[in-house]
Amino acid sequence: YSLRKTKDGRLVGFVADAMGKGIGAAISAMGMTRFLNYFFDELEEEGSFVFDVWVHKTLKFIQKNLFNEEILCIALMEFDMRHSLVRYASCGMPAFYAQLLTGDVIALKSNNPPLASYSETIEIKTLISNQVQKMICYTDGLSESSMSDGRPYSFVLKEDFKQAHDVIDFRQRVERAI
């Protein structure tokens, strides 16, 4: 994962999770992280970061670098505070949550399948964020972690997120549960 700030103040980030286990999945995830951070820097040096270009280049990188049997789950996000927009492309990731100022929590479901070398497109969605108080994006590593009673953390994740006052509070809730 990574979270970066553009020259004009937008926050851009991603959470990636290579499917599978072992060295192959780890190498795929590391390669994706290096590429996304590198290409972010390139776009910034060329003048201005463009989210759509970053997403498109991600797809091209995956088409050329993943083996046929490899699959990558990833959420790419852009938080534009000035225009109250969140743009995202979630590919095979668990739904991430946004808590509105009303206290309601909405689930933003993945809008693309996991990515593979044969993937042809990535859809980008936009959320008007002026009513969003906080958001969480995570991999199945969190939601599938076992709690002390044997149930997956997904059973309480949404409620813990809703009740947490900040990141530290949320982390403490996770640590108590798992």
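The values are calculated or read from the model by the stated rules, or taken from the named source; none is laboratory data. Predicted model, so just to flag it, every value in this text is computed and none were measured. Every residue, glycine as well, gets a Cβ built from its backbone with ideal geometry; the counts of neighbours run over all protein chains shown. Heavy atoms of the whole protein, side chains included, go into the accessibility calculation; ligands, DNA and RNA do not. Shrake-Rupley method; radii C 1.70, N 1.55, O 1.52, S 1.80 Å.
Under a 1.4 Å probe, what is the accessible area of region 1-87 per residue, stated in Å²? Provide the component values of the computation, followed by the final result.
On the way: 4890 Å² over 87 residues.
Solvent-accessible surface per residue comes out at 56 Å².
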- request: Hey, for a label at residue 111 modelled as a point 7 Å past Cα toward Cβ, could you say which residues of region 10-35 have their backbone N under 18 Å away?
  value: 11-16
task: Under 13 Å from the Cβ of residue 136, count the other residues' Cβ atoms, weight Lys and Arg +1, Asp and Glu -1, and hand me the total.
output: +1
- prompt: Which shape class, rounded, prolate or oblate, goes with the chain when its Cα gyration tensor gives a ≥ b ≥ c as root eigenvalues, a/c under 1.5 marks rounded, and past that a/b bigger than b/c marks prolate?
  reply: oblate
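Please list, by residue number, every one of the GluC sites (Glu not before Pro) in region 7-55 that is coil in DSSP and has at most 12 other beta-carbon atoms within 10 Å. Spell out each step's value before the answer.
Numbers: sites: 42, 44, 45, 46; in loops: 46.
Qualifying residues, ordered by number: 46.
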- prompt: Just the accessible area for residue 142, please: 1.4 Å probe, Å², rounded to the nearest 10?
  reply: 40 Å²
In Å², nearest 10: area of residue 125 left accessible to a 1.4 Å probe: 90 Å²
query: lysines near residue 134 by alpha-carbon distance under 24 Å, same-chain residues fewer than 8 away left out - which ones?
result: 5, 7, 109, 125, 158, 162
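Going by the alpha-carbon gyration tensor, a ≥ b ≥ c the square roots of its eigenvalues, is region 115-178 rounded (a/c under 1.5) or, if a/c is not under 1.5, prolate (a/b greater than b/c) versus oblate?
Values: a/c = 3.23, a/b = 1.35, b/c = 2.39.
Verdict is oblate for region 115-178.
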- prompt: Alpha carbon centre of region 1-67 versus region 141-178: separation in Å?
  reply: 27 Å
field: In region 130-175, GluC sites (Glu not before Pro) in a DSSP loop with at most 16 other beta-carbon atoms within 10 Å
entry: 144
- line: Under the rule rounded for a/c under 1.5, else prolate if a/b exceeds b/c, else oblate, using alpha carbon gyration tensor axes a ≥ b ≥ c, region 6-104 is classed as oblate
